[in-house]
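The values are calculated or read from the model by the stated rules, or taken from the named source; none is laboratory data. What you are looking at is a predicted structure, and each value in this text was computed from that prediction instead of being measured. Note that each Cβ is placed from the backbone with ideal geometry, even for glycine, and that neighbours are counted across all protein chains shown.
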Amino acid sequence: MEHFGQNKTFGSKYPIASTITDKIRRLANSCIPDSHSKHNLSWKGAFKHWHFLRLNFSVVGKWDVAIESIKSKKQQLQKITGNKLPPRFKLFLHRGVKYICPFCNYTSNSLLPMGHDVEVLREKQVIGGNRRRCKCYKCGSTDRERLIYIYLREKVRIFSSDKTKSILHISPEKNLSQKIIDFGFSEYVCGDLFAEGYKYPEHVQKIDVLDIPYSDNTFDVIICNHVLEHIPSDLLAIKELRRVLKRGKQAILQVPISKNSEKTFEDFSVTDPEQRKKIFGQFDHVRIYGQDYIKRLEEGGFKVTRANISREFMKYGLNKDEDIFVCEK
């Protein structure tokens, strides 16, 4: 089978660029295994058609020049290959230096889009719910998941030598949960309501946040990230989370929140999923929180600190407008 990158003249003429062409050659060969499937053949044709190893380096040795040259042909490549870009090639295309994922260490110049493009979310400027580029190309982590992890790692520093903490994680995110598991805290409880149609890891147990099956003052840290907007009796949930938190310890209670609404909007007469999507931005949301969210947390008995660490850690692809709500008992 023919492999690409055998042009010795190019490498000898531009020795600095030869390392770059080696990287491109290795990628090309890894995307074209010894197989006669239609998919692989189409990719072989695509690579041959565009002569990736004969890129015109206007500035010899500039890796970003090579990347941009390939990106400029991305749409034409997708037409040739039926819009099926192999995952390895996608990672290659988006690799860069602007962002680094704290979970998988993948570096990129952009992020995948996520969120809902719904009129009400745009009108109310809902932070954490609107359509935005926030998802890691490699591991799929989101901005709100990375925010919690960076706060715990850089500000609270729970990933130190002290493993005696007890943690409750409601509706746990995959990457954040794995980091906590890998560190080996003395107690790590993951709970979710087990909604129909969803699959849950074995370490996640069924927990109703309105009736948590643990005694008072059990946990050192509680993580509840974008959950309360789903619960009609959110104040009861807040009080229940406070009940199981130890005195002087922290609960991180994040929600999507309107940037330009002073008051929280909710209407419990709306039960139809399509109407909820239109009014609240998502089919299973029951409200849109306003800037009075802190008052609701305080009503539940918490002392609340609102802070923005996103601007300090933008390299991790955080949402610069998303604040973190730290609740203390």
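Which residue out of Asp192, Asp208 is more than 21 Å from Pro113 (Cβ to Cβ), more than 21 Å from the chain's Cα centre (by Cα), of a type outside the set (A, V, I, L, M, F, W, C) and assigned by TED's automatic domain parsing to the domain that holds Arg247? Of Asp192, Asp208, the one residue that is more than 21 Å from Pro113 (Cβ to Cβ), more than 21 Å from the chain's Cα centre (by Cα), of a type outside the set (A, V, I, L, M, F, W, C) and assigned by TED's automatic domain parsing to the domain that holds Arg247 is Asp208.
Yes/no per residue for (1) within 21 Å of Cys134 (Cα to Cα); (2) of a type in the set (S, T, N, Q):
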site	(1), (2)
Phe219	no, no
Leu235	no, no
Lys263	no, no
Arg296	no, no
Arg311	yes, no
Asn319	yes, yes
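In region 166-189, the residue that is surrounded by the most Cβ atoms within 10 Å (Cβ to Cβ) out of those that are more than 20 Å from Val209 (Cβ to Cβ) and not small (Gly, Ala, Ser) is Asn175.
The residues of region 131-163 that are over 21 Å from Cys104 (Cβ atoms) and touching a residue at least 24 places away in the same chain (Cβ under 8 Å), listed by number, are Lys155, Val156.
For region 249-271, which residues satisfy the criterion of being surrounded by fewer than 19 Cβ atoms within 10 Å (Cβ to Cβ), assigned to a loop (DSSP other than H, G, I, E, B) and either touching a helix residue (DSSP H, G or I) at 6+ places or on another chain (Cβ under 9 Å) or touching a residue at least 12 places away in the same chain (Cβ under 8 Å) (or both)? Those that are surrounded by fewer than 19 Cβ atoms within 10 Å (Cβ to Cβ), assigned to a loop (DSSP other than H, G, I, E, B) and either touching a helix residue (DSSP H, G or I) at 6+ places or on another chain (Cβ under 9 Å) or touching a residue at least 12 places away in the same chain (Cβ under 8 Å) (or both): Lys259, Asn260, Ser261, Glu262, Lys263, Asp267, Phe268, Val270. Pairs linking a residue in region 185-200 that is closer than 18 Å to Asp162 by Cβ to a residue that is part of a strand (DSSP E or B) and not hydrophobic (A, V, I, L, M, F, W, C), with Cβ atoms under 6 Å and 6 or more positions apart or on different chains, are Glu187/Ser166. Filtering region 293-314 to residues that are free of Cβ contacts under 8 Å to residues at least 60 places away in the same chain, in contact with a Lys or Arg (Cβ under 7 Å, 6 or more places away or on another chain) and surrounded by 14 or more Cβ atoms within 10 Å (Cβ to Cβ) leaves only Ile294. Looking across region 153-176, the residues that are within 28 Å of His230 (Cα to Cα) and of a type outside the set (D, E, K, R) come down to Val156, Ser166, Ile167, Leu168, His169, Ile170, Ser171, Pro172, Asn175, Leu176.
Screening region 104-118 for residues that are under 25 Å from His285 (Cα atoms) and in contact (Cβ under 8 Å) with a residue 40 or more places away in the chain and picking the one that is surrounded by the most Cβ atoms within 10 Å (Cβ to Cβ) gives Val118.
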